[in-house]
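I have placed the structure first, in the form of structure tokens, so that the comments after it can refer back to it.
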Amino acid sequence: MILTDLLQKPVYDHSSHRLGTAIDARFEVDLDTHGHPGSARLVGLIVSRHNAASFRGYERSGVESPWPIAQILERRHRGSFLVLWGDIEVLGTAAIRLRTGFKRHSSQLKEQRSASG
């Protein structure tokens, strides 16, 4: 499967209610013993209720400039959420369906502090 095959697909809950569009993917990167980036694994997908465009990096907490762009993207992506990979029941060719009882997680990407700082 290619990641771009998942993006821009409509996302539905288990009862076929449309929740939005898959606009981005969230990965977690493991660090080696020296703190260098290692392998990455897919955590889940970002679902936007109102827009099919990416956050363009503005989902990171604390990114507020240029101010007009940050404000526009914040409004366009209100209600967006992260759905974990384990909550995806069906990856169809035309749509994505979530399992019963899935959880909506914050789509905001928080800054990670390194062990040295």
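Descriptive notes on the structure:
- Cut-off under 5 Å, modelled amide H: who pairs with Gly44 long-range: Arg26, Trp85
- In this structure, Ile2 and Thr33 have a Cβ-Cβ separation that, at R0 = 22 Å, corresponds to a calculated FRET efficiency of about 0.10.
- Per-residue extension of 0.36 nm, minus the Cα-Cα distance of Glu89 and His17, leaves a gain of 24.5 nm for this segment.
Every number here is computed from the coordinates shown, using simple stated rules; none is lab data. Computed from a prediction, not measured in an experiment: that's the story for all the values here. Heads up, the Cβs are rebuilt from the backbone with ideal geometry, glycines too, and the neighbour counts pull from every protein chain shown.
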